[in-house]
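Here's the structure we're looking at; comments come further down.
The values are calculated or read from the model by the stated rules, or taken from the named source; none is laboratory data. Quantities reported herein were computed from a predicted structural model and do not represent experimental measurements. As a convention, Cβ positions derive from the backbone with ideal geometry for all residues, glycine included, and neighbour counts pool all protein chains shown.
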Amino acid sequence: MKPILSAGSLNWRRMLKMIPYQDNRNHIIEVLTANDLDCNDLGTICMADTMVLGNYIEEIVVSAISYHLMNNKDPEYRNGKLIISSASLSHGLSEFQEGKSDGKDTLNLQAKTQPSKDTEGEAAITMKPETKTESTIPESKVKQSHQLPH
């Protein structure tokens, strides 16, 4: 027998789906505020772009500011904050995504946004290890790993 969903439970489910969106939107606002920026039309960015933008706003904000200043002869300031448009944020996101697809971090962008299908009920993330110039493994662990038989 199939359970009957009431209007209240459907509304509850809709609200639960909005929580990650609201979290990302709030994070975007926090980063903008920390950088003395504001965006009057942030709500015009679609939900999918808001989700990605929220995950990478720290990397995107500089490109968005640069684009905004190069394309606005008289930038608007209010209360000491530069007002940037959602179009500038979207442009920054596009440049970030192009850079990721052209560069070495392509898999990292995908890894942060796509859960693994191999796990049962968990949102595990499959990530390609990043190549770093310095080792993050303590020296004692490196020595131990060299002593293990292959």
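Figures for the structure shown
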quantity	calculated
Sole residue being part of a strand (DSSP E or B) and modelled with pLDDT of 95 or more, chosen from LEU89, LEU82	LEU82
Selection count where residues are surrounded by fewer than 16 Cβ atoms within 10 Å (Cβ to Cβ) and either of a type in the set (Val, Ile, Thr) or in a helix (DSSP H, G or I) (or both), scope region 32-48	6
Among the residues listed as SER94, SER63, the single one being surrounded by 18 or more Cβ atoms within 10 Å (Cβ to Cβ) and small (Gly, Ala, Ser)	SER63
Residue tally, condition farther than 14 Å from HIS91 by Cα and either among the charged types (D, E, K, R) or not in a helix (DSSP H, G or I) (or both), over region 49-68	1
